[in-house]
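Written below as structure tokens is the structure these notes are about.
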């Protein structure tokens, strides 16, 4: 008869658990759920792939491919924190269970190299610098003639 008060209390109290598929709890703030990428903002630098502890991210800059194996990902958020353009995000829910192993493959447009713009600027400056000494040489030649 030692358990009688405990049994009566448990029968009269509301349940301590939820009916999971029917009642879903709201996620906690700053919850690290499913990883996703805004591919338009990605510059394909590969920082996320180098910093990932589980090596589940691959970046191909030439083809503009970003690949992630969600089954190998530990959802630590290091890739999101180290991304220079902040194009990696984490949803506040987990992925749904799947019957097949899938890979997340995103194709984007890699950024154009900015070397052409940098090369034309020094050329313009050097042409101006070359024009000034020629004018100085002409002034010196005229002063010698006098």
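Bear in mind these aren't lab numbers, they're just calculated from the coordinates by the rules spelled out. These figures come from a predicted structure and were not determined experimentally. With ideal geometry, Cβ positions are generated from the backbone for all residues, glycine too; neighbour counts draw on all protein chains shown.
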> When N is the residue count of the range 27-111, what does its C-alpha Rg come to as a fraction of 2.2 N^0.38 Å?
Replying inline: 1.05
> Rounded to a whole number of µm²/s, how large is the Stokes-Einstein D of the range 1-68 at 4 °C and 1.567 mPa s, given Rh as the Kirkwood radius over C-alpha pairs?
Replying inline: 76
> Where does each of 1, 104 land when they are ranked from fewest to most other beta-carbon atoms within 10 angstrom?
Replying inline: 1, 104
> How far apart, in nm, are two points set 7 Å out from the Cα along the Cα-to-Cβ line at residue 14 and at residue 43?
Replying inline: 5.1
> By how many nm would the segment from residue 102 to residue 6 grow when fully extended, if each residue of separation counts as 0.36 nm and the alpha-carbon distance is taken off?
Replying inline: 29.7 nm
